[in-house]
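For reference, the structure is listed below as structure tokens.
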Amino acid sequence: MIIISLISFAIQDKLGDPVQQMVGMTVSQEERNQIRDELGLNDGFFLQYWRFAKGAIHGDLGTSYYYKEPALNVILEKLPATLELAFCAIVLVVIVATPCGVLAAIKPRHILSRLLMVISSVGLSVPIFIIAILMVYIFSIELNIAPSFGRGQTKEVFGLWESGLFTKDGLKHLLLPSLSLAIALMPIFVRLIRAEMMEVLQSEYIRFAWSKGLSARRIYFKHALKNTMLPVITVGGIQAGTLVAYTILTETIFQWPGMGFLFMDAVSRVDTPLVSAYLIVVGGIFVITNTLVDLIYGLVNPTVRLASHGL
Amino acid sequence: MNLLSVSNLHVNFHMKEQELAALIDVSFTLNRGERIAIVGESGAGKSILGFSIVNLIGKPGYIKSGSIKLESKEITKMNLRQLQEVRGKRIAMIFQDPMMTLNPVLTIGDQLVETIRSHTKISYKDARNIAIEKLHHVQIASPEKRFNQYPHELSGGMRQRVIIASVLLLNPDIIIADEPTTALDVTIQAEILQLLLTICRDNGVALVLISHDLGVVSKVAERTLVMYAGHVVEEGPTLEIINDPQHPYTQGLLNALPQMTLPGQRLNQIQGSMPSLAERPTGCAFHPRCPYATQKCRQEQPKFIYSGVSSVACFLVEDMLNEFANNDKEIS
């Protein structure tokens, strides 16, 4: 986290001059310098970083130049929208990629499996913005079933969360962005699940399960799938990073009012504190997801459970 | 009627460029409660024979021709559903390496109970009782505790006991044990072997013991099949095979036992090694390693002939028998 903060802070200087964006053309050089002094931008790098780090420990990641509010608050306000989008995408990936991967592993010669493999290779190489733009073209413009931008109607849940998950309009708006995000992530999971499952199916315990006369369904979904998921879970955690990168693109294309969209705006406005704060929050999310993933891994894998008890 | 009869079984491996024969014209029978052994070096096709009995040869292997009959039912013609009925319930298997045989993410109990419940309709509780009783039967201490544990919490010998318990769950007619003691500690080998023997004897279960160790075989099996490069080369009562081996390969195997060598001497071995499936020699497959090989052995495949209580496929034995027969004629 310290390294993330250092890096995210270091790039502030390189993004451009925030003052220029703030005041426009009519302000004289002296006045600009005065503003720079007030903001502490003329101090040395380490002094600036020290000031930033001291604040960061107390939860103050700087103040956004544009919103004139603490950067953290601005981001947290947008967090639910991004989380909802990411959550839906992950659910879609799990629901779709697991059966596809399993099918491709059990019946590698089946026409559907071959088709899946071809599609996933294509999916791996097509960038998400093309997928997203195609989705908009097909579903919004040609078929006109789903709106192409915004979050639609939201509803407050538990008094702290503006959610689009509970209104029909909100769900409709969620459809395209989460679908494109899911499609971008899916190929790698389909291929990974397929590869792992094929390996597991070769193992002795699967053969033993067959020799016990168990049903194919039980062998595939109880004996093999659980073992298949162990490495998939680990990779899933690492893919959280990719997910974040993809939310930036997806949100930009669909004008989704989340963190990614905010980040793009912040970059173009040279709102450096906001950019740094975003990077730090994302770093935090990354750490949290990986911890969660490790915990889930421990739940699934009994050998890890034992180790955690120190036996 | 024989409990199990395998006749003229051919198993092939379907490779990209060629068809490789893994089992060639294998025949044998097994009676109820009988214990037979299949011996041979690695690569002889012993394990493939074991797996083909329940039609569980991994790809790219397949049964090319021949028949495997369980009483009157033809196993080679069964569909998956019928096979599932047979597997576990009529014919159960014990695998070589107990460390790899149990699923690491499921508890011992889960793996035992599912076997029972996929063959008979009984409640979880009843199945659990049976499982615990069988665990007790294979001399596992505190079976209730083991029931909820995962495989990694058990030692190798203990796991093999669990596996033996698991094949006993449904009181099968036949147990196929593929090198059940090879992966175990020497001290535990004898225990497991004894356990297997007692269990088969007490319950009248027929046993097919696959092993490369004639020492192990002599303690357990009544009859022995010696395999070499996909062929059965000798078959007969175990005692007969050990005391009076006919085929030069069997003789070589016996000579290779450490007990056959005086202390301080080099261990005997059969020169050369088993040919791979792709480079099987012409004629008798053993001829390149056989000290008695003749021109005939290099060209023709010896037939299986009766020699006393055993059967053997070797020209040497065949010629000897013919000579005896001629002498008999001359005398009379």
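The values are calculated or read from the model by the stated rules, or taken from the named source; none is laboratory data. From a predicted model like this one, the values you see are computed outputs, not experimental measurements. Neighbour counts are summed over all protein chains in view; Cβ atoms, including those assigned to glycine, are modelled from backbone coordinates with ideal geometry.
Determine whether region A:226-237 contains at least one residue that is surrounded by fewer than 19 Cβ atoms within 10 Å (Cβ to Cβ), over 21 Å from A:Leu279 (Cβ atoms) and away from chain B (no Cβ under 14 Å).
yes
For the condition crowded, with 18+ Cβ neighbours inside 10 Å, assigned to a helix (DSSP H, G or I) and assigned by TED's automatic domain parsing to the domain that holds A:Leu175, what is the one hit in A:Ala240, A:Ala277, A:Ala245, A:Ala266? Even if it seems obvious, please write down each step before you answer.
On the way: A:Ala277 fails: assigned by TED's automatic domain parsing to the domain that holds A:Leu175; A:Ala245 fails: crowded, with 18+ Cβ neighbours inside 10 Å; A:Ala266 fails: assigned by TED's automatic domain parsing to the domain that holds A:Leu175.
Among A:Ala240, A:Ala277, A:Ala245, A:Ala266, only A:Ala240 is crowded, with 18+ Cβ neighbours inside 10 Å, assigned to a helix (DSSP H, G or I) and assigned by TED's automatic domain parsing to the domain that holds A:Leu175.
Between B:Ile94, B:Ile53, B:Ile57, which is β-branched (Val, Ile, Thr), closer than 27 Å to B:Leu253 by Cβ and modelled with pLDDT under 90? Can you show your working first?
On the way: B:Ile94 fails: modelled with pLDDT under 90; B:Ile53 fails: modelled with pLDDT under 90.
When all the criteria are applied, what remains is B:Ile57.
Quick one: which residue in A:Leu116, A:Leu103 is modelled with pLDDT of 80 or more and touching a Cys at 6+ places or on another chain (Cβ under 7 Å)?
Checking each option against the conditions leaves just A:Leu116.
Quick one: count up the residues across region B:77-99 that are out of contact with any Ser or Thr (no Cβ under 7 Å at 6 or more places or on another chain) and closer than 19 Å to A:Asn227 by Cβ.
3
Of all residues in region B:162-187 being in contact with a helix residue (DSSP H, G or I) (Cβ under 7 Å, 6 or more places away or on another chain) and more than 14 Å from chain A (Cβ to nearest Cβ), which is modelled with the highest pLDDT?
Restricting to residues being in contact with a helix residue (DSSP H, G or I) (Cβ under 7 Å, 6 or more places away or on another chain) and more than 14 Å from chain A (Cβ to nearest Cβ), the top hit is B:Thr181.
In region B:61-107, what residues are of a type in the set (S, T, N, Q) and touching a strand residue (DSSP E or B) at 6+ places or on another chain (Cβ under 9 Å)?
B:Ser65, B:Ser67, B:Thr76, B:Gln82, B:Gln96, B:Thr101
Test B:Gln149 against the stated conditions and say whether it is within 13 Å of chain A (Cβ to nearest Cβ), within 27 Å of B:Arg32 (Cβ to Cβ) and not aliphatic (A, V, I, L, M). It would help to see each step written out before you state the result.
Working: within 13 Å of chain A (Cβ to nearest Cβ): yes; within 27 Å of B:Arg32 (Cβ to Cβ): no; not aliphatic (A, V, I, L, M): yes.
Answer is no for this residue.
Looking at B:Ile24, B:Ile108, B:Ile53, which is the one that is crowded, with 17+ Cβ neighbours inside 10 Å and either under 16 Å from B:Leu207 (Cβ atoms) or not hydrophobic (A, V, I, L, M, F, W, C) (or both)?
From the options B:Ile24, B:Ile108, B:Ile53, the qualifying one is B:Ile53.
Quick check on region B:143-187: of everything there that is over 25 Å from the mean Cα position of the chain (by Cα) and of a type in the set (Asp, Glu), which residue is nearest to B:Asn203 (Cα to Cα)?
B:Glu144
I need the full set of residues from region B:143-154 which are assigned to a loop (DSSP other than H, G, I, E, B) and under 20 Å from B:Leu196 (Cα atoms), in order please.
Result: B:Leu154, single match.
Looking at region B:278-312 only, could you name the residues that are in a loop (DSSP other than H, G, I, E, B) and touching a Ser or Thr at 6+ places or on another chain (Cβ under 9 Å)? Break it down into steps so the answer makes sense when it comes.
Of the residues in region B:278-312, the ones in a loop (DSSP other than H, G, I, E, B) are B:280-286, B:290-294, B:300-304, B:308-309.
B:Glu300, B:Gln301, B:Phe304 - these are the residues of region B:278-312 that are in a loop (DSSP other than H, G, I, E, B) and touching a Ser or Thr at 6+ places or on another chain (Cβ under 9 Å).
Given the conditions (1) of a type in the set (Ser, Thr, Tyr); (2) without any contact (Cβ under 8 Å) to a residue 12 or more places away in the chain; (3) touching a strand residue (DSSP E or B) at 6+ places or on another chain (Cβ under 8 Å), report the number of the one that B:Thr250 does not fulfil.
Here B:Thr250 meets the rest and fails (2).
Could you list, ordered by first residue, the pairs with Cβ atoms under 8 Å in which the first is in region B:45-73 and away from chain A (no Cβ under 11 Å) and touching a residue at least 24 places away in the same chain (Cβ under 8 Å) and the second is β-branched (Val, Ile, Thr) and part of a loop (DSSP other than H, G, I, E, B), at least 6 apart or interchain?
B:Ile48/B:Ile57; B:Ile63/B:Ile57
Taking region B:85-130 as the search range and keeping residues that are assigned to a helix (DSSP H, G or I), farther than 22 Å from B:Lys46 by Cα and touching a residue at least 24 places away in the same chain (Cβ under 8 Å), which one is farthest from the other protein chains (Cβ to nearest Cβ)?
Restricting to residues being assigned to a helix (DSSP H, G or I), farther than 22 Å from B:Lys46 by Cα and touching a residue at least 24 places away in the same chain (Cβ under 8 Å), the top hit is B:Ile130.
Which condition breaks for A:Ile193 when tested against (1) facing chain B (nearest Cβ under 8 Å); (2) touching a Gly at 6+ places or on another chain (Cβ under 6 Å)?
So the condition that A:Ile193 fails would be (1).
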